[in-house]
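Student: Below are the structure tokens for one structure; questions will follow.
The values are calculated or read from the model by the stated rules, or taken from the named source; none is laboratory data. Since this is a predicted model, take the numbers as computed values, not measurements. Backbone-built Cβ (ideal geometry, glycine too); neighbour counts: all protein chains shown. Calculation scope for accessible area: heavy atoms of the full protein, side chains included, ligands and nucleic acids excluded. Shrake-Rupley method; radii C 1.70, N 1.55, O 1.52, S 1.80 Å.
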Amino acid sequence: MTLPIKLGILGAGGLGKSMARMALARGGYHLVAMADSHGFCADLTGLDAEQIQTLKTVADYPQVGQRVSQDPVLAMLKAVGSDLDALFIALPNLPVTFYAETVTRIAQETPFSGIMVDALKRTKAVQELLPLDGLLRSRRILYITGAGATPGFLTTMAAVAAQSFVRVKAVDIRFGVGVSNWESYRATIREDFLHLPGFDAARVAAMSDADIEAELEARNGLIELENMEHADDIILAMAGVCPPEAITVGGVVDTRNARKPVSTQVTVTGETLAGITCSHVFTVADDATMADNVCGPAVGFMNRAVDLHARGFYGLSTSAELMPKTGPSLWVQNATQKLSAPAMAMV
Ligand code: NAD
């Protein structure tokens with residue numbers, strides 16, 4: 001790979017469009033292709049990220065040839081996959097197998113052979129990806145999963161904070177998110193509904209946009225989330241930090257106000273060498289938005305992946321695997337099947 005890194009983005013909603021801006025603002029990137037549910041656009045000399053912000057679909061981007069497609073991700077990567085160095089995935093994650101199926105098809109059916117980074121949230125979605133390690137290696141692709149805000153920014157923060165303890169007792173992630181309207185982040189808000197009492201994937205998939213709006217209206221625009229099925233658990237357990245049961249994720253999302261309803265905090269509680277139990281508490285600046293906290297770290301993980309790829313590292317890695325490791329992964333004997341307490345007692 002040579003600079004600038006030639007970037008493709010899968011998904012052109014709230015996070016896909018924010019990544020178009022963030023990657024260019026951070027520098028070192030040339031945005032050359034984007035896909036959404038209607039089609040794709042591609043220009044090896046570089047797309048205009050500001051023009052992308054104004055489009056309903058990226059298929060409307062002025063370009064040579066019609067780029068509307070029934071299967072936009074594959075169509076884009078069959079057309080320009082061999083010219084791309086990096087892919088950021090900002091697609092919806094419903095059903096939970098969608099990312100694993102899409103990544104499998106990219107590896108098997110397109111010439112793409114660079115680095116991929118996602119901002120997946122659910123534990124089950126990350127578990128679906130783990131068995132793809134061999135396929136990705138064989139295609140010389142390096143894929144980093146869980147590289148958004150949570151999992152991602154906050155998870156890796158916890159993995160580093162864990163290092164000053166001889167034993168970690170608990171990790172608690174509490175996030176505050178404010179968005180001025182839910183339509184800018186449809187997939188994110190729909191996915192949040194999955195974690196509310198009385199909702200599941202089938203129910204959310206069957207809900208129309210009007211149904212989502214009615215539910216938000218009943219909640220005054222606020223979604224309060226507790227004990228979420230979030231991949232911070234499997235990612236931190238694989239990094240040897242603590243058992244998945246000791247990791248809790250929750251938060252408050254205001255869908256009508258860009259101001260955060262609560263500050264985002266990570267609390268890592270552990271025991272020091274002197275036997276004292278205490279906590280590191282990290283608070284994220286309220287002015288750093290969800291887009292900052294997802295796309296900024298994802299750029300950082302893309303930069304790291306590009307370096308590792310150049311040195312011959314391929315396959316699947318979690319974001320926390322790029323941090324110092326706390327200890328053996330006692331709690332995840334078969335991460336693709338289930339999370340459980342270790343069969344042997346923890347030493
Ligand atoms: P969005 O609904 O705003 O945008 C989704 C985009 O994907 C749209 O452009 C849509 O056209 C496109 N799309 C849908 N199906 C497609 C298909 N089959 N082929 C090609 N394109 C398709 O979504 P968003 O709010 O930007 O969220 C994107 C993802 O980011 C979600 O999976 C969400 O869970 C995740 N997310 C992660 C974090 C984190 O901290 N890890 C935070 C927020 C969101």
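Student: Say the cut-off is 32 Å between C-alpha atoms; which of Lys78/Lys121; Lys17/Lys78; Lys56/Lys325; Lys169/Lys260; Lys78/Lys260 go over it?
Tutor: Working: Lys78/Lys121 27 Å; Lys17/Lys78 22 Å; Lys56/Lys325 43 Å; Lys169/Lys260 28 Å; Lys78/Lys260 40 Å.
In this structure, Lys56/Lys325; Lys78/Lys260 exceed 32 Å between Cα atoms.
Student: Related question: If you average the C-alpha positions of segment 246-302 and of segment 182-215 separately, how far apart do those two centres end up, in angstrom?
Tutor: Comparing the Cα centres of segment 246-302 and segment 182-215, I get a distance of 23 Å.
Student: Determine the percent antiparallel among the DSSP beta bridges restricted to the chain, to the nearest 5.
Tutor: Values: 23 of 53 bridges.
In the chain, approximately 45 percent of DSSP beta bridges are antiparallel ones.
Student: When averaged across all projection directions, what area in nm² does the alpha-carbon convex hull of the chain cover? Numbers along the way, then the final one.
Tutor: Working: hull surface 70.0 nm².
If you wrap the Cα atoms of the chain in a convex hull and average its projections, you get 17.5 nm².
Student: Please work out the FRET efficiency for the pair Ala25 and Glu215, using the Cβ-Cβ distance as r and a Förster radius of 45 Å; give the result to the nearest 0.05.
Tutor: Working: r = 35 Å, r/R0 = 0.77.
E between Ala25 and Glu215, to the nearest 0.05, is 0.80.
Student: Report the equivalent ellipsoid semi-axes for segment 171-318 in whole Å, largest first, defined as the square roots of five times the eigenvalues of the gyration tensor built from alpha carbon atoms.
Tutor: 29, 21, 17
Student: Sticking with this one: How many nm is it between the label spots at Thr272 and Val160, if each spot is 7 Å from the Cα in line with the beta carbon?
Tutor: 2.1
Student: Show that you can apply the helix-only estimate: for the chain, add -39,500 (n - 2.57) for every DSSP H stretch of four or more residues, divide by all residues, and state [θ] at 222 nm to the nearest 500. Don't jump to the answer; show the numbers that get you there.
Tutor: Details: 12 runs with 113 residues, N = 347.
Rounded to the nearest 500, it is -9500 deg cm²/dmol.
Student: Label His38 and Asp133 with points 7 Å out from Cα along Cα→Cβ: what is the distance between them in nm?
Tutor: Each label point is offset 7 Å from its Cα along the Cβ direction, giving 4.1 nm.
Student: To the nearest 20 debye, what charge dipole does segment 7-160 have about its Cα centre, counting +1 at the Cβ of each Lys and Arg and -1 at the Cβ of each Asp and Glu?
Tutor: Numbers: 13 positive and 13 negative charges, 66 e Å.
It comes to approximately 320 debye.
Student: On the accessible surface of the chain, probed at 1.4 Å, how many percent belong to carbon and sulfur atoms?
Tutor: On the way: 7830 of 14780 Å².
On the chain, the fraction of accessible area on carbon and sulfur atoms equals 53 percent.
Student: Now for a separate question. Suppose we look only past 24 Å in the calculated P(r) of segment 63-160. What percent of the Cα-Cα pairs does that tail hold?
Tutor: Details: 1156 of 4753 pairs.
Cα-Cα pairs of segment 63-160 separated by over 24 Å account for 24 percent.
Student: Which of the peptides 69-79, 227-237 is most tightly packed, and how do the rest follow, judged by the mean count of other Cβ atoms within 10 Å per residue? Write down the numbers at each step before the final one.
Tutor: On the way: 69-79: 18.9, 227-237: 25.4.
Top of the packing list down: 227-237, 69-79.
Student: How much accessible area per residue does the chain have, in Å², with a 1.4 Å probe?
Tutor: Numbers: 14780 Å² over 347 residues.
It amounts to 43 Å² per residue over the chain.
Student: Based on the mean of other Cβ atoms within 10 Å per residue, sort peptides 31-44, 183-196, 262-275 so the most packed one is first. Walk me through the numbers on the way to the answer.
Tutor: Numbers: 31-44: 22.4, 183-196: 19.5, 262-275: 16.1.
The most tightly packed comes first, giving 31-44, 183-196, 262-275.
Student: Packing-wise, with mean Cβ within 10 Å as the measure, how do 251-258, 277-284 rank, highest first?
Tutor: Numbers: 251-258: 18.5, 277-284: 14.2.
Listed from highest to lowest mean packing, they are 251-258, 277-284.
Student: Residues in segment 119-159 near a label at Ala206, defined as backbone nitrogen under 11 Å from the 7 Å Cα→Cβ point?
Tutor: none
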